[in-house]
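Rule-based calculations on the coordinates, nothing more; no lab input. Since this is a predicted model, take the numbers as computed values, not measurements. For neighbour counting, all protein chains shown are included, and Cβ atoms are generated from backbone atoms with ideal geometry for every residue, glycine included.
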Ligand SMILES: [Zn+2]
């Protein structure tokens with residue numbers, strides 16, 4: 001069975017998630033206490049529904065508050081009955097606090113910054129193997145607005161080969177993995193150890209180096225005969241983007257893109273402009289972002 005930290009990270013992916021009192025009772029006192037003491041969980045609004053525990057058939061029941069001093073629920077078998085006010089307590093994951101804990105656990109430099117309201121945070125940066133990597137926290141990436149969230153997060157898009165933590169669910173769309181983004185599930189990598197939130201950088205250093213090398217290593221020039229198709233495929237995979245957008249992202253003018261496509265020696269393979277175009281079209285690396 002998943003431990004308390006894993007359970008709340010899985011739940012945190014749901015919009016408007018809440019963790020109820022009955023559920024929290026299943027955890028060990030050490031883990032439950034740590035989640036609250038660390039501030040990963042904060043109090044949320046009281047529950048409006050509870051699972052009936054008065055009959056043999058556990059069913060959801062609405063909490064009734066205007067019927068005497070104590071809250072009650074209605075059970076078809078037992079009728080109206082009183083419940084302890086404690087059972088109404090709920091908690092939610094505090095992502096800002098989680099962002100600060102991650103930054104601390106990884107020894108990152110820089111200040112935690114919100115990139116996309118309530119969804120993405122820049123955690124800071126540090127040296128990982130032979131390069132400086134930026135770290136982010138993002139959640140809800142399997143929801144239907146996932147690509148909109150990515151496309152409007154300019155600060156994330158312009159970061160080469162960053163490490164992006166998600167609570168539990170990885171995004172399905174390949175665009176999330178472009179530009180060398182390494183996506184890691186906290187439910188897999190983070191732990192509570194003696195009441196402390198821990199995450200060991202060494203565990204995923206190698207993974208990061210492989211992904212960063214793929215992004216920053218040498219590029220193979222696309223054969224001239226395949227360049228037109230590469231542009232078309234890129235547009236199709238990027239929300240039917242326009243050639244104007246490609247030129248903006250690669251920081252080249254339209255004439256340059258056209259000359260590159262036609263194999264003109266004014267845009268030689270391995271030159272700065274050809275590299276910016278190839279990096280964008282092959283690896284999704286945007287030299288400029290909106
Ligand atoms: Zn019942």
Computed [θ] at 222 nm, helices only, for the chain once each DSSP H run of length n ≥ 4 contributes -39500 (n - 2.57): -10000 deg cm²/dmol
Fraction of beta bridges assigned by DSSP in the chain that are antiparallel (%, nearest 5): 80
In nm, to one decimal, how far is the residue 152 label point from the residue 220 one, both placed 7 Å along Cα→Cβ? 3.8
0 to 90° range, to nearest 10: angle between helix 224-237 axis and the chain longest Cα axis: 20
Per-pair calculated FRET efficiency, R0 = 25 Å: residue 266 and residue 131 via Cβ, rounded to 0.05: 0.15
The range 224-283: relative contact order in percent, alpha carbon pairs under 8 Å with at least 6 residues between: 34
For the range 1-121, calculate the relative contact order in percent as a whole number, restricting contacts to Cα pairs under 8 Å that are 6 or more residues apart. 25
Taking the radius of gyration and the Kirkwood hydrodynamic radius from Cα positions alone, what is the Rg/Rh ratio for the chain, to two decimal places? 1.12
Over the range 154-269, what relative contact order in percent results from Cα pairs under 8 Å that are six or more residues apart? 19
Likely footprinting exposure, 146, 158, 28, fewest C-beta neighbours within 10 Å first: 28, 158, 146
What is the angle, in °, between the Cα long axis of helix 272-283 and the longest principal axis of the Cα atoms in the chain? Nearest 10 is fine, range 0 to 90. 40
quick note, the range 155-211, DSSP beta bridge pairs, % antiparallel (nearest 5) is 50
Using alpha-carbon positions, the gyration tensor of the range 4-93 gives root eigenvalues a ≥ b ≥ c; with a/c under 1.5 called rounded, otherwise prolate if a/b exceeds b/c, else oblate, the class is prolate
If you restrict to DSSP beta bridges whose two residues both lie in the range 95-216, what percentage is antiparallel, to the nearest 5? 70
By how many degrees, 0 to 90 and rounded to 10, does the Cα axis of helix 95-106 deviate from the longest principal axis of the chain? 60
If neighbour count is taken as other Cβ atoms inside 10 Å, put 132, 116 in order from fewest to most. 132, 116
Applying the gyration tensor rule to the Cα atoms of the range 95-216 (axes a ≥ b ≥ c; rounded if a/c under 1.5, else prolate if a/b exceeds b/c, else oblate), the class is rounded
Compute the distance in nm between two label points, each set 7 Å from the Cα along the Cα-to-Cβ direction, one at residue 75 and one at residue 31. 2.8
Which value in nm describes the separation of the simple spin-label points at residue 45 and residue 64, placed 7 Å from the Cα toward the beta carbon? 2.2
Taking the beta-carbon count within 10 Å as an exposure proxy, list 209, 276 from fewest neighbours to most. 209, 276
Cα centroid separation - the range 197-274 against the range 171-191, whole Å: 20
Taking r as the C-beta separation of residue 109 and residue 253 and R0 as 35 Å, the FRET efficiency to the nearest 0.05 is 0.40
